[in-house]
Amino acid sequence: MLPLLDLTSWLYHLKHHVRKLTDFFPAIFFFGGFLWDALTIGRNVAASDLLIFSGYWLVAGLILFIISRPSYILIGFPQPTTQSKSRYFKWLKGLLSRGYARFHYPQLPYFLLQFIFGNLLSALFILYFKSASHWLAWLLAFLLGVMLVANEYLEDEYKQFTLSWALFGFCAMLLFNFCLPFMVGSMHAIWFYLSTLLGAGAAYWLYKKTPNHLGSIAPVGVIAALLMLAYAADMIPPVPLVKRDIAVGYALNKVEGSYQLSQQPASWWEFWRNTSHDLQVIPGQRVYCFSSVFAPSGLKTRLYHRWQHYDSKQGWRTMSRIGFTLSGGRYDGFRGYTYKQQLQAGEWKVSVETENEKTVAVQEFTITEVKTAPPVVMMKY
C-alpha cells in the first residue's frame, strides 16, 4: 500500500498530466467525431442518418437559444398565484439555483455547441465527399473539411454569437438540401433553392426568438446567396444522389442479376487498378458506358449520359446526351448504360447528369484506333 505522501504526490502529478492533456481535447474530439461518423454513416444516405443529423441540429438550436439568454432557466418560471404554489416554486427555484451554482461550468454550453457543430460538419463533409464527382464539387467538400478542422479551435468565437449563427444557418441549409429532395422524391432545382431558403429562414426565426439578439444574423443571408450561386455553377454535388460505379468498356451482358463489362486491362505499372482508361478499338466497334448511382427509396428522376469529345480548337464538344430513368432504393445503386459507335480517336469523357445538368459522376478515357481487337478482362458490377 502506498504511503499517504506518495499517494498525494501521485495524485498531484496525475492531475497535472490531465490538465496538459486538455490542450489536445480539440484534436481528440475532432478525430473521434470524424471516425464515429465515418463508421456509423453507411455507404449510402439513409433516412436514419438524416434523423440523427436533424437531432444534432435541433440540440444546437436549443443551446443557442439558452446561452443567448443566460437567465432563461432560472428566471423563466411562471410566477405563482397562490401561497401554496409560491412555496413550491420557491423550493424548486432554490433547488435549481443550488444545483446550478454547484455544477455550473461557464464553458460547458460553448463546448457542447462546438462538439455538436463538429459532429454536424463531419457528417455533412462525409456525405458531400461521397457525392462529389468533379473538381468543383470536390472544392466544396474540401471547404467543408477546412471548416470541420477550424471548428475545433474556435471555442472563444462562439461567445460572440455571429459565428454561431453563421454555422447554425450553414448546417441547416446543407442538411435541408439533403432532406427536402429525400422527402419529396424529386431532384428538381426548385427543391435546392427552397431548402436553402428554409435553412436560412429557420436560423433567422430562432435569432428573432432570442430576446437579446446577440451577434449578427447577416452572414447567414450571405452564405445562402453563395450556396445558390455555387449550385448554379455546378459546384454543389447533386445530393442525395451518390455515385457508386462508372466504367467504359467493349461489351456488356447481364448474367444472373449482375452486369459483366469487358474492359481493357490496366498496364503492368498501373498496379492500383485492374482496368485501363485507355481503350483500343477497331473501326465500328461499340463502346459502352456503365454507371451505378444510389438514390434514396421513393426518389425517381431521370439521368443522362453526356458523351463529349475534346477538340483542340473548340474544347469539349457534346456528341450526344442519352437519358434513362432512375428509381431509387437499391442499396448497390441504380444501374444504367449507354453506348456509341464510330468513336474517333482522341480524348473522351462521359458525364452522368441529372435533368437540370448537375454532374453526378465523370469518366474520362482515351480512344486509340487499332486493326485487331485487344485482350480484355471481364468485370462484374
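What is the calculated FRET efficiency for PHE65 to SER258, with r their C-beta to C-beta distance and R₀ = 30 Å, to the nearest 0.05?
Details: r = 52 Å, r/R0 = 1.73.
FRET efficiency, PHE65 to SER258: 0.05.
Distances over 28 Å make up what percent of all Cα-Cα pairs in region 242-380?
So the portion of pairs separated by more than 28 Å is 18 percent.
What net charge is computed for the residues neighbouring GLN260, neighbours being all others with C-beta under 10 Å from the C-beta of GLN260, Lys and Arg scored +1, Asp and Glu -1?
+1
For a label point 7 Å from the Cα of ALA345 along Cα→C-beta, name the residues of region 351-371 whose backbone N is under 15 Å from it.
Only 366-371 pass the distance filter.
Can you give the FRET efficiency to the nearest 0.05 for ALA225 and ALA266, using r as the Cβ-Cβ distance and R₀ = 41 Å? Write down the numbers at each step before the final one.
Numbers: r = 45 Å, r/R0 = 1.09.
Efficiency for this residue pair is about 0.35.
Once you put a point 7 Å from the Cα of THR318 and another 7 Å from the Cα of ASP278, both along the Cβ direction, what distance in nm separates them?
For the pair THR318/ASP278, the computed spacing is 3.1 nm.
So, by mean Cβ neighbours within 10 angstrom, what's the order for 368-375, 256-263 with the highest one leading?
256-263, 368-375
Put a dot 7 Å past each Cα toward the Cβ at SER54 and ASP311; how far apart are the dots in nm?
In this crude spin-label approximation the distance works out to 4.9 nm.
Taken together, the values in this text are just the output of simple stated rules run on the coordinates, not laboratory data. From a predicted model like this one, the values you see are computed outputs, not experimental measurements. Methodologically, a virtual Cβ is constructed for each residue, glycine included, from the backbone with ideal geometry; neighbour enumeration extends over all protein chains shown.
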